[in-house]
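The values are calculated or read from the model by the stated rules, or taken from the named source; none is laboratory data. In this text, all values refer to a predicted model and were calculated from it rather than measured experimentally. Neighbour counts are summed over all protein chains in view; Cβ atoms, including those assigned to glycine, are modelled from backbone coordinates with ideal geometry.
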Amino acid sequence: MVCKLLCLLILVTFVTQGYGCDRSNLTLKQSQTGNLYKDVTEWEVRLTNPCPCDFKNVKLSCAGFQSVTTIDKSVLSKSGNDCLLIDGQAVGYKSDYVFTYVWATSFDFSIIDAAAACT
Ligand SMILES: *[C@@H]1O[C@H](CO)[C@@H](O)[C@H](O)[C@H]1NC(C)=O
């Protein structure tokens, strides 16, 4: 009986935590890496997933995005003003995804879409 209650409580807590997460929990941060490529600033973009969920099909708004270095399509695939991250593959459970680009100024990325799969 005690276990039943306890197990239920744990389950409810776990489920609530899962449902308490959606793409608004994802954060994007940019910073200078401190490196230069041919005298141009290198920027790091860090997508942080604090949730016990996988986020697939992460799309960023990336109007005008360019890089002096080539960004592989498997990292960021630009189509119009949107960029798909890692071919739509999941940014996993409580992990970060990081990529870098090189440009004189930073671009104004923001997360416009992501599909959460919470367990
Ligand atoms: C996700 O965001 C919601 C609403 O802001 C917050 O209550 C919850 O704690 C966040 N989850 C994590 C894992 O940060």
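Taking the criterion of being part of a strand (DSSP E or B) and either within 30 Å of THR119 (Cβ to Cβ) or β-branched (Val, Ile, Thr) (or both), the residues of the range 66-78 that qualify are LEU76, SER77. Of the listed requirements (1) closer than 26 Å to ASN35 by Cα; (2) over 16 Å from the mean Cα position of the chain (by Cα), SER110 misses just one: (2).
Contact annotation: residue pairs with Cβ atoms under 6 Å, 6 or more positions apart or on different chains, pairing a residue in the range 20-34 that is over 22 Å from SER67 (Cβ atoms) with a partner that is of a type outside the set (Val, Ile, Thr) and near the ligand (Cβ under 7 Å from one of its atoms), are CYS21/CYS51; ASN25/PRO50; ASN25/CYS51. When you look at ALA114, is it over 14 Å from ARG46 (Cβ atoms), touching a residue at least 24 places away in the same chain (Cβ under 8 Å) and outside any strand (DSSP E or B), yes or no? No, not satisfied.
Test LYS38 against the stated conditions and say whether it is charged (D, E, K, R), at positive phi and at pLDDT below 95.
On the way: charged (D, E, K, R): yes; at positive phi: yes; at pLDDT below 95: no.
Here the answer is no, as LYS38 does not meet what is asked.
Out of curiosity, is GLY80 on the phi > 0 side of the Ramachandran plot and in contact (Cβ under 8 Å) with a residue 12 or more places away in the chain?
Working: on the phi > 0 side of the Ramachandran plot: yes; in contact (Cβ under 8 Å) with a residue 12 or more places away in the chain: no.
Considered against the rule, which asks whether it is on the phi > 0 side of the Ramachandran plot and in contact (Cβ under 8 Å) with a residue 12 or more places away in the chain, GLY80 comes out as no.
Selection over the range 93-107 of residues that are surrounded by 13 or more Cβ atoms within 10 Å (Cβ to Cβ) and part of a loop (DSSP other than H, G, I, E, B) gives a count of 5.
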